[in-house]
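One structure is given here, and the rest of the page talks about it.
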Amino acid sequence: MPVTDVTHDLDARTLTIVADFAAPPKRIWEVYADPRQLERVWGPPTYPATFVDHDLAPGGRMNYYMTSPEGERYYGYWEVGSVDEPSGFTFDDGFALDEQFTKNTDLPVSTNVFTFVEHDGGTRATYVGTYASAEALQAVLDMGVVEGSSAAINQIDDLVAE
Amino acid sequence: MDGEDRADAWFHALSDRTRRDILRRVLAGEHSVSTLAASYDMSFAAVQKHVAVLERAGLLTKRRQGREALASGDVAAVRSVGAMLTELESLWRGRISRIDDLIAEPDPGAEQAPPPPPPPTQPPTQED
């Protein structure tokens, strides 16, 4: 497993994950710089992501949606802050209301700092995500819980249908 | 309710197809019981009973607004910030392991390279 360290900071509502990849920073950068590669890693296999707009540049915007097994779409966006190819970038990650990617201001935005540093011939990637409040964190997970719970309930449905 | 009792209540609540369907709806957003009842080919009282089972299992909460009873999914209520960060962590771990898989594949840049030259042409074979 490439994850080497995980830190939860409850007071700051920050999650930090450190991972070591067996490829140079340039290769890890490419995953984020190429929308076709990014959508293969961003959403879980049951909720694949599709990036409609992709501009990994300072002030750039990424628009994407995730598709549920029932075909329902959940819209989201990134607002890119600073970009330092191939060493990392910062962005705000939020939810959108519709296919025009209008920001959903009722749901929280997380601020993210991704850093890629050369380490032992590979890359040490550090992911830091911060949420404004406990309520914000909860709201983000509720979206995930809806997805996860629906999937779990569907599995029970399948099971009892056998 | 201790852990075992809660598990029993959960499994009982989820053992019914209609209740699973109701839970799916209320996890996605608040619904009035009458709206829920209109979605099923059964009496209002029967739907109300299903809602009550989900409520007793701690999977759903109800509040009143005027004459309406509004139900919403309540999986989140029992979670602390620590548990939430752990959940978020698993989402991130999934992304990281997908990156790990992706970079183990042949470089996509190589796939865009021109195809290798065709194999040397075979000497013409005798037609029958």
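The values are calculated or read from the model by the stated rules, or taken from the named source; none is laboratory data. On a predicted model such as this, the values are computed, not experimentally measured, just so you know. Positions of Cβ are generated from backbone atoms using ideal geometry, with glycine treated the same way; all protein chains shown enter the neighbour counts.
Taken as a whole, the condition of being part of a strand (DSSP E or B), within 11 Å of another protein chain (Cβ to nearest Cβ) and of a type outside the set (Asp, Glu) does not apply to A:Val52. Comparison of B:Ala71, B:Ala110 shows that the only residue that is at pLDDT below 85 and more than 10 Å from chain A (Cβ to nearest Cβ) is B:Ala110.
For the criterion of being more than 10 Å from chain A (Cβ to nearest Cβ) and at pLDDT 90 or above, B:Ala52 passes.
When the range A:69-87 is filtered for residues that are more than 10 Å from A:Ala57 (Cα to Cα) and hydroxyl-bearing (Ser, Thr, Tyr), the ones remaining, listed by number, are A:Tyr74, A:Tyr75, A:Tyr77, A:Ser87.
Taken over the range B:10-49, the criterion of being surrounded by 15 or more Cβ atoms within 10 Å (Cβ to Cβ), within 14 Å of another protein chain (Cβ to nearest Cβ) and closer than 10 Å to B:Ala71 by Cα is satisfied by B:Ile22, B:Leu23, B:Arg25, B:Val26, B:Leu27, B:Glu30, B:His31.
Which residue is farthest from A:Pro108 (Cα to Cα), if the candidates are limited to the range A:2-12 and must be touching an Asp or Glu at 6+ places or on another chain (Cβ under 9 Å) and at the interface with chain B (Cβ under 7 Å from one of its Cβ atoms)?
Our first condition is that a residue be touching an Asp or Glu at 6+ places or on another chain (Cβ under 9 Å); within the range A:2-12, this holds for A:2-4, A:6, A:8.
Filter once more, keeping what is at the interface with chain B (Cβ under 7 Å from one of its Cβ atoms): A:2-3, A:6, A:8.
Working: A:Pro2: 29, A:Val3: 26, A:Val6: 23, A:His8: 19 Å.
This residue is A:Pro2.
Taking the criterion of being at the interface with chain B (Cβ under 9 Å from one of its Cβ atoms), among the charged types (D, E, K, R) and either over 16 Å from A:Tyr65 (Cβ atoms) or in contact with a His (Cβ under 7 Å, 6 or more places away or on another chain) (or both), the residues of the range A:13-49 that qualify are A:Arg13, A:Arg27, A:Glu30, A:Asp34.
Which one of these is under 13 Å from the mean Cα position of the chain (by Cα), of a type in the set (S, T, N, Q) and within 25 Å of A:Thr14 (Cα to Cα): A:Thr90, A:Thr50, A:Thr105? Give the steps one after another, and end with the answer.
Working: A:Thr50 fails: within 25 Å of A:Thr14 (Cα to Cα); A:Thr105 fails: under 13 Å from the mean Cα position of the chain (by Cα).
None of the other options fit; the residue is A:Thr90.
In the set (1) within 14 Å of chain A (Cβ to nearest Cβ); (2) crowded, with 16+ Cβ neighbours inside 10 Å; (3) modelled with pLDDT of 60 or more, the condition left unmet by B:Thr86 is number (2). Residue-level check: of (1) within 28 Å of A:Asp120 (Cα to Cα); (2) in contact with a strand residue (DSSP E or B) (Cβ under 6 Å, 6 or more places away or on another chain); (3) touching a residue at least 40 places away in the same chain (Cβ under 8 Å); (4) surrounded by 17 or more Cβ atoms within 10 Å (Cβ to Cβ), A:Tyr47 misses just (1). Checking A:Val113, A:Val117, A:Val83, A:Val128 one by one, the residue that is over 16 Å from A:Trp42 (Cβ atoms), modelled with pLDDT under 95, assigned to a strand (DSSP E or B) and of a type in the set (A, V, I, L, M) is A:Val128 and no other.
Is it the case that the range A:8-18 has a residue that's outside any strand (DSSP E or B) and closer than 30 Å to B:Arg25 by Cα?
For the range A:8-18, residues outside any strand (DSSP E or B) and closer than 30 Å to B:Arg25 by Cα: present.
Can you say whether B:Ile99 is at pLDDT 90 or above and under 30 Å from A:Trp29 (Cβ atoms), as far as the supplied structure shows? Criteria met by B:Ile99.
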